[in-house]
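A.B. asks: Attaching a single structure in structure tokens format; questions to follow.
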Amino acid sequence: MSPEPRMTPPLLRPSVRFTFSHPAHAIALGFGTGLSPVAPGTAGTLWAWLAWLVLQLWLPADALGWVIAAALVVGWWACTRTADHLGQLDPGNIVWDEVVAFWIVLWLVMPAGFWAQVVAFGLFRFFDAVKPGPVGWADRLFKPRVGQAPGWRQGFGILFDDLVAALCTLFVIALWRALF
């Protein structure tokens, strides 16, 4: 006799109420930026950029590195819980993956002028949205098999492809700096 399939909640569309009903939701949904009806990942990345500019006013680079490390661990938990509560494996409204990945990019390219930051933003959004090569591979790596319940592995997968997008962004910036 085969085990009964796991009953998942109906697919939910996050709202402001849902966002602030649980700390994991608030974090994963970028404190509401993931609710953007158009390009929530871009909205989350813009919020990450603004938050970074504020954070760097008060924290030295080594402390910012610790903030990023904590944001990765807390984000893994928050993304996993929120995806499960939404009944989806990788909801587009979850933007914490963009936030922490773009923070890594900014941490490693700063100090940089405004236009260099714009280029970093554009490159990161390109790699995250289009998912060429290694980013597409990373996106597929942690997808569950049919009938498999979402769990910590898929929660990490939500973050992983954005971390690879950040790595690709940094590679292109480093290559540009080396050549020019």
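The values are calculated or read from the model by the stated rules, or taken from the named source; none is laboratory data. All values derive from a computational prediction rather than experimental measurement. Cβ coordinates were reconstructed from backbone atoms using ideal geometry, including for glycine residues, and neighbour counts include every protein chain displayed. Heavy atoms of the whole protein, side chains included, go into the accessibility calculation; ligands, DNA and RNA do not. Shrake-Rupley method; radii C 1.70, N 1.55, O 1.52, S 1.80 Å.
A.B. asks: Using a simple spin-label model with points 7 Å from Cα along the Cα→Cβ vector, what separation in nm is obtained for VAL118 and ALA39?
C.D. replies: 1.4 nm
A.B. asks: As a check on your grasp of the helix formula, calculate [θ] at 222 nm for the chain: sum -39500 (n - 2.57) over DSSP H runs of n ≥ 4, divide by the residue count, round to the nearest 500.
C.D. replies: Values: 8 runs with 122 residues, N = 180.
Value at 222 nm, helices only: -22500 deg cm²/dmol.
A.B. asks: Please determine, in degrees from 0 to 90 and to the nearest 10, the orientation of helix 152-179 with respect to the longest principal axis defined by the Cα atoms of the chain, where the helix direction is its Cα long axis.
C.D. replies: Taking the Cα atoms of the chain, the angle to 152-179 is about 20 degrees.
A.B. asks: What's the angle, to the nearest 10 degrees (0 to 90), between helix 114-130's Cα axis and the longest principal axis of the chain?
C.D. replies: Taking the Cα atoms of the chain, the angle to 114-130 is about 30 degrees.
A.B. asks: Okay, moving on. Spelling out what I want: for every residue of the range 85-95, take phi, set θ = phi - 60°, compute 6.51 cos²θ - 1.76 cosθ + 1.60 (Karplus), and round to whole Hz; glycine and proline get x.
C.D. replies: Once θ is set to phi - 60°, the couplings for the range 85-95 become 5, 7, x, 10, 7, 8, x, x, 6, 6, 10 Hz.
A.B. asks: Still on this structure: Just to confirm my numbers, what's the Cα centroid distance between the range 47-101 and the range 151-173 in Å?
C.D. replies: Taking the Cα centre of each part, the range 47-101 and the range 151-173 sit 12 Å apart.
A.B. asks: Follow-up question, since we're still on this one. Describe numerically, in nm with one decimal, the distance between label points set 7 Å from Cα along Cα→Cβ at LEU175 and at ALA63.
C.D. replies: For the pair LEU175/ALA63, the computed spacing is 3.7 nm.
A.B. asks: I would also like to ask the following. Taking the chain as the reference, fit the longest principal axis to its C-alpha atoms, fit the long axis of helix 40-58 to the helix C-alpha atoms, and give the angle between the two in degrees, 0 to 90, nearest 10.
C.D. replies: Taking the Cα atoms of the chain, the angle to 40-58 is about 50 degrees.
A.B. asks: Amide H of LEU29 versus every other amide H placed in the peptide plane: which residues, excluding those fewer than 5 positions away on the same chain, fall under 5 Å?
C.D. replies: VAL95
A.B. asks: State the label only: which of [x] 1.07; [y] 1.28; [z] 1.01 corresponds to Cα Rg over 2.2 N^0.38 Å computed from the shown model?
C.D. replies: Checked against the structure: label [x].
A.B. asks: Right, next: Using a 1.4 Å probe on the protein heavy atoms, what percent of the accessible area of the chain belongs to carbon and sulfur? Mind showing how you got there, number by number?
C.D. replies: Details: 7100 of 9970 Å².
Ligands and nucleic acids excluded, carbon and sulfur reach 71 percent.
A.B. asks: Using per-residue counts of other Cβ atoms within 10 Å, averaged over each peptide, order 121-131, 103-113, 55-65 from highest down.
C.D. replies: Values: 121-131: 18.6, 103-113: 16.9, 55-65: 11.9.
The densest-packed peptide leads the list: 121-131, 103-113, 55-65.
A.B. asks: Tell me which of TRP137, ALA166, PRO60 sits at the most positive position along the dipole axis of the chain, charges placed on C-beta atoms (Lys, Arg +1; Asp, Glu -1).
C.D. replies: TRP137
A.B. asks: Could I ask something else about it? With θ taken as phi - 60° and the coefficients 6.51, -1.76 and 1.60, list the Karplus ³J(HN,Hα) couplings across the range 24-33 in order, rounded to whole Hz; mark glycine and proline as x.
C.D. replies: 4, 5, 4, 5, 4, 8, x, 6, x, 5
A.B. asks: Taking only protein heavy atoms and a 1.4 Å probe, what accessible area per residue, in Å², does the range 29-146 have with all protein chains in place?
C.D. replies: Working: 5670 Å² over 118 residues.
On a per-residue basis, the range 29-146 sits at 48 Å².
A.B. asks: Among ILE94, ILE27, what's the order by accessible area (1.4 angstrom probe), most exposed first?
C.D. replies: Working: ILE94 5, ILE27 30 Å².
Ranked from most to least accessible, the order is ILE27, ILE94.
A.B. asks: Can you work out ³J(HN,Hα) from phi for every residue in the range 63-74, in order, using Karplus 6.51 cos²θ - 1.76 cosθ + 1.60 and θ = phi - 60°, giving whole Hz and x for Gly and Pro?
C.D. replies: Along the range 63-74, the couplings run 5, 5, x, 5, 4, 4, 4, 5, 5, 5, 5, 5 Hz.
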